[in-house]
Amino acid sequence: AGAACLSLLNAALAAGWGANWLSGWASQDDSFGRDLLGMTPGEIVAGFIHLGTEGVTPSDRPRPDLAAITHWISE
């Protein structure tokens, strides 16, 4: 399921669509899955993939300074 979701996400982004894979509360809520998605016991949601057109390109999130958190070990 994870590989299929990631492939769909990457294909959408490569085609120029806006795409986001979210695994929020709805993917963990049993009553949501049962009542709104018709899921049976034992079925799970890998996440929800949102596709659409981008109005603006989102900014990149802050990244850690790799030099500050990486330690190289040599023999």
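The values are calculated or read from the model by the stated rules, or taken from the named source; none is laboratory data. Bear in mind that the values here come from a model prediction, so they are computed numbers and not experimental data. Every residue, glycine among them, receives a Cβ derived from its backbone with ideal geometry; neighbour counts consider all protein chains shown. The accessibility values were calculated without ligands, DNA or RNA, using every heavy atom of the protein model including side chains. Shrake-Rupley method; radii C 1.70, N 1.55, O 1.52, S 1.80 Å.
The figures follow:
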| quantity | calculated |
| --- | --- |
| For the chain, accessible area per residue (1.4 Å probe, heavy atoms of protein chains only), Å² | 85 Å² |
| Percentage relative contact order, segment 1-54, counting C-alpha pairs under 8 Å, at least six apart | 45 percent |
| Furthest towards positive pole of dipole, 48, 15, 66, structure part the chain, Cβ charges | 15 |
| Isotropic mean projected area of the C-alpha convex hull, segment 1-54 (nm²) | 4.0 nm² |
| Residue 46 paired with residue 63, simple spin-label distance in nm, labels 7 Å along Cα-to-beta-carbon | 2.6 nm |
| Accessible carbon and sulfur surface of the chain relative to its total accessible area, %, 1.4 Å | 59 percent |
| Mean Cβ count within 10 Å, highest first, over the residues of peptides 28-37, 43-52 | 43-52, 28-37 |
| Dipole magnitude of the chain, debye to nearest 20 (Cβ charges: Lys/Arg +1, Asp/Glu -1, about Cα centre) | 140 debye |
| Ellipticity estimate at 222 nm from DSSP helix runs (n ≥ 4, -39,500 (n - 2.57)) divided over the chain, nearest 500 | -10000 deg cm²/dmol |
| Prolate/oblate/rounded label for segment 23-74 (Cα gyration tensor, a/c 1.5) | oblate |
